Amino acid sequence: MRLPFQLFALVLALPVAAETRCEGTPVSIAAPPLHAERLCTAVQAALPKLAACGLALETPVSITLADRLPGDCLGLYHCGEQRIELLAPDALSETRHADGVFAGLSDDHFFDSVVMHELAHAAHDARPCPSGLCLATSEYLAYNFQIMGLAAEDRARVEAALDMQSPVSHDAVNKVILLFAPNAFAARAWAHLNQRDDPCDYLRHVAAGDFTFDRPAR
């Protein structure tokens with residue numbers, strides 16, 4: 001991610017094996033053998049789900065695992081560099097918050113969801129941005145794909161802690177909420193998406209730049 005929340009940062013890299021391509025994808029992975037296969041499996045599961053709703057990853061991306069990030073950060077997509085850095089699973093388990101939207105997920109399933117989130121950023125980074133800076137729009141996509149990519153029972157755990165019934169307007173999903181209350185942003189984004197007639201088709205329009213959650217740059 002790209003914010004002062006649990007999913008963004010610079011990293012101190014782990015000792016890693018040589019970078020290898022994740023078979024059948026444009027993603028290269030630099031990780032110890034203990035984690036490389038696990039990470040590749042998460043990538044291979046995530047990419048078809050992104051593509052199914054209009055956010056195919058069309059450029060090569062590299063992923064590196066780290067054992068430390070500043071503050072509470074869990075990962076980072078480097079805009080324009082096609083590069084993702086993530087906390088390794090063990091470090092993520094120690095760093096993640098015990099509350100928030102994803103608190104009900106196991107460590108393993110949460111790690112996989114973070115992979116999905118960052119791949120959504122990578123896929124969206126190659127798309128046009130009508131407003132000049134698509135921070136809220138990119139996070140709208142990333143959070144929603146992060147939740148959409150969960151198994152049904154995990155989505156139910158997430159939704160159990162959210163208000164899915166109260167109407168969420170387009171303007172209620174914005175950069176200010178994202179910056180100061182990212183959990184609230186994620187909750188509003190998911191509720192807003194699920195109040196659309198066809199959530200997957202709506203994501204296609206957002207990915208294409210037809211809908212934006214950012215004001216045009218002045």
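The values are calculated or read from the model by the stated rules, or taken from the named source; none is laboratory data. Worth saying up front: this structure is predicted, and the values here are computed from it rather than measured. Positions of Cβ are backbone-derived with ideal geometry, glycine not excepted, and every protein chain shown enters the neighbour counts. The area values use the complete protein model at the heavy-atom level, side chains included, leaving out ligands, DNA and RNA. Shrake-Rupley method; radii C 1.70, N 1.55, O 1.52, S 1.80 Å.
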### Query
Working out 0.36 nm times the residue gap between Leu133 and Leu179, then minus their Cα-Cα distance, what length gain in nm do you get to one decimal?
15.1 nm
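Per the helix-only calculation at 222 nm, which mean residue ellipticity applies to the chain, given -39500 (n - 2.57) for every DSSP H run of n ≥ 4 and division by its residues, nearest 500 deg cm²/dmol?
Numbers: 8 runs with 98 residues, N = 218.
Roughly -14000 deg cm²/dmol at 222 nm, from the helical runs in the chain.
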### Query
Out of these labelled values of Cα Rg over 2.2 N^0.38 Å, [x] 0.95; [y] 1.32; [z] 1.05, which was calculated from the coordinates shown here?
[x]
### Query
With a Cα-only, solvent-free Debye model of region 135-208, what are the log10 I(q)/I(0) values at q = 0.22 Å⁻¹?
-1.02
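How high is the relative contact order of region 22-125, in percent, with contacts defined as C-alpha pairs under 8 Å that are six or more residues apart?
Values: 135 pairs, mean separation 30.9, N = 104.
The value is 30 percent.
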### Task
Could you work out how far apart the two model spin labels at Glu19 and Asp107 are, taking each label as a point 7 Å from the Cα in the direction of the beta carbon, and quote it in nm?
2.8 nm
### Summary
In terms of the charge dipole of the chain, which places +1 on Lys and Arg and -1 on Asp and Glu at the beta carbon, the residue among Leu119, Pro130, Cys79 farthest towards the positive end is Pro130
## Note on the structure
Counting only backbone N atoms under 15 Å from a point 7 Å out along Cα-to-Cβ of Ala56, the residues of region 95-139 in range are 123-124, 126-127
### Task
Report the one residue of Val61, Pro167, Ser93 whose Cα lies farthest in the direction of the positive end of the charge dipole of the chain (charges on C-beta: Lys and Arg +1, Asp and Glu -1; origin at the Cα centre).
Pro167
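Quick check: with the 1.4 Å probe, what order do Cys200, Cys22 take by accessible area, largest first?
Details: Cys200 30, Cys22 0 Å².
Result of the area sort, largest leading: Cys200, Cys22.
If you place +1 on the Cβ of every Lys and Arg and -1 on the Cβ of every Asp and Glu, how big does the dipole about the Cα centre of the chain come out, in debye to the nearest 20? Working shown, then result.
Details: 16 positive and 27 negative charges, 109 e Å.
Here the size comes out at about 520 debye.
Can you give the local net charge around Asn183? Use residues other than it whose beta-carbon is closer than 13 angstrom to its beta-carbon, Lys and Arg +1, Asp and Glu -1.
Values: positive: Arg96, Arg188; negative: Asp72, Asp99, Glu139, Asp163.
So the environment of Asn183 carries a net charge of -2.
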### Task
Might you work out the accessible area of Ser93 for me, using a 1.4 Å probe with all protein chains in place, and round it to the nearest 10 Å²?
50 Å²
### Query
Measuring from centroid to centroid over Cα atoms, what is the spacing of region 73-95 and region 137-214 in Å?
21 Å
### Message
Suppose we keep just the alpha-carbon trace of region 22-125; what are its Rg and Dmax in angstrom?
### Response
13.0, 36
